[in-house]
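Since the structure comes first, as structure tokens, the remarks are kept for the end.
The values are calculated or read from the model by the stated rules, or taken from the named source; none is laboratory data. Only a predicted model underlies this, so the values are computations on that prediction, with no experimental measurement involved. Cβ coordinates were reconstructed from backbone atoms using ideal geometry, including for glycine residues, and neighbour counts include every protein chain displayed. When the accessible area is computed, the model is the full protein with side chains, heavy atoms only, and any ligands, DNA or RNA have been set aside. Shrake-Rupley method; radii C 1.70, N 1.55, O 1.52, S 1.80 Å.
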Amino acid sequence: MSELVLIIVAAALVNNVVLSQFYGLCSFLGVSKHTKTAASMGYAVIFVITIASAVSSLIYDFVLKPLDLQFLETIVFILVIAGLVQFVEMFLKKNVPALYTALGVYLPLITTNCAVLGVALSNVKEEYNFIQSVANGIGTAIGYTIAIVVLAGVRERMEQNNIIAPFKGMPIVLFTSALMAIAFNGFAGLI
């Protein structure tokens, strides 16, 4: 049990997918304007990454590896992720249309979010079993959600401040993201 907690904490804080590995930056920067939208995106990513980790692990262990088709892992994982994102998109469109509209183009972009594919590939690289893969997926998704919600909170506060013209917009967001990455680097000695 402690090994699983260690995997989750390491994935969420020490090896944060956005702030340490720089995966998933497109949605991280694009959807982080409002805390509510960022949290919703985080929840969608939690669902997709967790399920994608589980399904990818099963497909890799019970289909690709026994048939000696490991070279197809990237293509197969992308197909699994695309299917899961389509499921989430249909669910939100039918049941939560306001959230579906708020997420806009970034919801289908979860399919090409390299954080989702990155966790599936890292599970294979680290040779995690099914339970460890799911734990790594949960930790990675939690780390993504923490990062995007914190950035959204900071961005909401920045809207109320007087920022000099050269730093307005994306430059200050990138600078803030860099400071967050430096702060998260402090977790490096934790594990």
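Per this entry, ILE182 is not counted among residues that are part of a helix (DSSP H, G or I), at pLDDT 95 or above and either farther than 18 Å from VAL14 by Cβ or open to solvent by 50 Å² or more (accessible area, probe 1.4 Å) (or both). Here is a check on your reading of the model: is LYS93 more than 21 Å from GLU156 (Cβ to Cβ), surrounded by fewer than 15 Cβ atoms within 10 Å (Cβ to Cβ) and touching a Phe, Trp or Tyr at 6+ places or on another chain (Cβ under 8 Å)? Criteria met by LYS93. Among the conditions (1) at pLDDT below 90; (2) surrounded by 21 or more Cβ atoms within 10 Å (Cβ to Cβ); (3) of a type outside the set (Asp, Glu), the only one that ILE142 does not satisfy is (1).
The set of residues in the range 133-160 being farther than 12 Å from SER32 by Cβ, within 14 Å of the chain's Cα centre (by Cα) and hydroxyl-bearing (Ser, Thr, Tyr) consists of THR140 alone.
Of the residues in the range 87-103, at least one is aromatic (Phe, Trp, Tyr), modelled with pLDDT under 90 and in contact with a helix residue (DSSP H, G or I) (Cβ under 6 Å, 6 or more places away or on another chain). Just a yes or no: is a residue in the range 156-168 closer than 18 Å to SER27 by Cβ and in contact with a Gly (Cβ under 9 Å, 6 or more places away or on another chain)? No, because not a single residue in the range 156-168 is closer than 18 Å to SER27 by Cβ and in contact with a Gly (Cβ under 9 Å, 6 or more places away or on another chain). Quick check on GLU127: is it within 18 Å of LEU4 (Cα to Cα) and open to solvent by 80 Å² or more (accessible area, probe 1.4 Å)? Taking the combined requirement at face value, the residue satisfies it. Filtered by the rule that a residue be open to solvent by 50 Å² or more (accessible area, probe 1.4 Å) and over 27 Å from VAL14 (Cβ atoms), the range 157-179 gives GLU159, GLN160, ASN161, ASN162, ILE164, ALA165, PRO166, PHE167, LYS168, MET170, PRO171.
Okay, residues lined up against (1) among the hydrophobic types (A, V, I, L, M, F, W, C); (2) without any contact (Cβ under 8 Å) to a residue 60 or more places away in the chain:
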site	(1), (2)
ALA12	yes, no
SER20	no, no
GLY42	no, no
VAL48	yes, no
ASP61	no, no
LEU64	yes, yes
PHE87	yes, yes
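The condition (being under 20 Å from TYR23 (Cβ atoms), open to solvent by 40 Å² or more (accessible area, probe 1.4 Å) and part of a helix (DSSP H, G or I)) is satisfied by just one residue among LEU109, LEU117, LEU151: LEU109.
Taking ASN113 as the residue in question, decide whether it is in contact (Cβ under 8 Å) with a residue 24 or more places away in the chain and touching a Gly at 6+ places or on another chain (Cβ under 7 Å). So ASN113 fits the description; yes.
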